[in-house]
Amino acid sequence: MLTLADRYQADEDIYRGRFEKCFDRHYLQIFAFAVRRVRGRESAEEIVADTFAIAWRRRDLIPEPALPWLFAIAANVIANQHRSNGRRENLDLRLAHEASLSVGARDPADSIAGRDELSTAFARLEERDRELLRLVAWEGLSAREAATVVGCSPGAARVRLHRARRKLAKELKNAEDGVAEAPRRSARPAEEGS
């Protein structure tokens, strides 16, 4: 007689086999689907990996035929990626605009320089600080919601967010000071007074 654990194990084996069959049959088709919709092989591979990760989690629901179901999952993964990229681009533009306003830049070249400074300053932060800033700025989460994602208390998330913002401001100030100091070092003393 089968115990409950044996029955569960037997069910798992059926679902695993169903997934493996689905993966073997449709991997190349899902990859081709992704390649036609996104730029770059790496992005397509990520989409395929995410698609089959979802299929694995839902392996007990894999229909026959599975291909249309997989296409729907892949389309949703692509849509999520586009939304995420759009939010990231909008944030970059907004931050560049705000940075240019705070420095008083009017020339478009100054705006680009400000965006580069922001990117450089952001890259200098620790990954945990960058992730918290991304969750709040890009994903639109509150500090409480971000706390759930990063696995800390809401109070700790607020403190970490405050510190991350302060570190980013400091890095931006350092970048700004570095740009401002460069011409003074190369200028001759007679030119400084004029």
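Applied to segment 35-43, the Karplus parametrisation 6.51 cos²θ - 1.76 cosθ + 1.60 on θ = phi - 60° returns per-residue 3J(HN,Hα) values of 4, 6, 10, 10, 8, x, 4, 4, 5 Hz, with x for Gly and Pro. Dipole check for segment 4-82: with +1 at the C-beta of Lys and Arg, -1 at the C-beta of Asp and Glu, and the Cα centre as origin, the magnitude is about 340 Debye. The Cβ shell under 15 Å around Asp24 holds other residues with a net charge of +3, Lys and Arg each +1, Asp and Glu each -1. Selection among Pro65, Val48, Phe33 by position relative to the dipole of segment 4-82 gives Phe33 as farthest towards the positive end (Cβ unit charges, Cα centre). Near Pro154, once Lys and Arg are set to +1 and Asp and Glu to -1 for all other residues with Cβ below 12 Å from its Cβ, the sum equals +2.
Just so you know, all these numbers are worked out from the coordinates, no wet-lab data involved. All of these numbers come straight from a predicted model, not from anything done at the bench. Backbone-built Cβ (ideal geometry, glycine too); neighbour counts: all protein chains shown.
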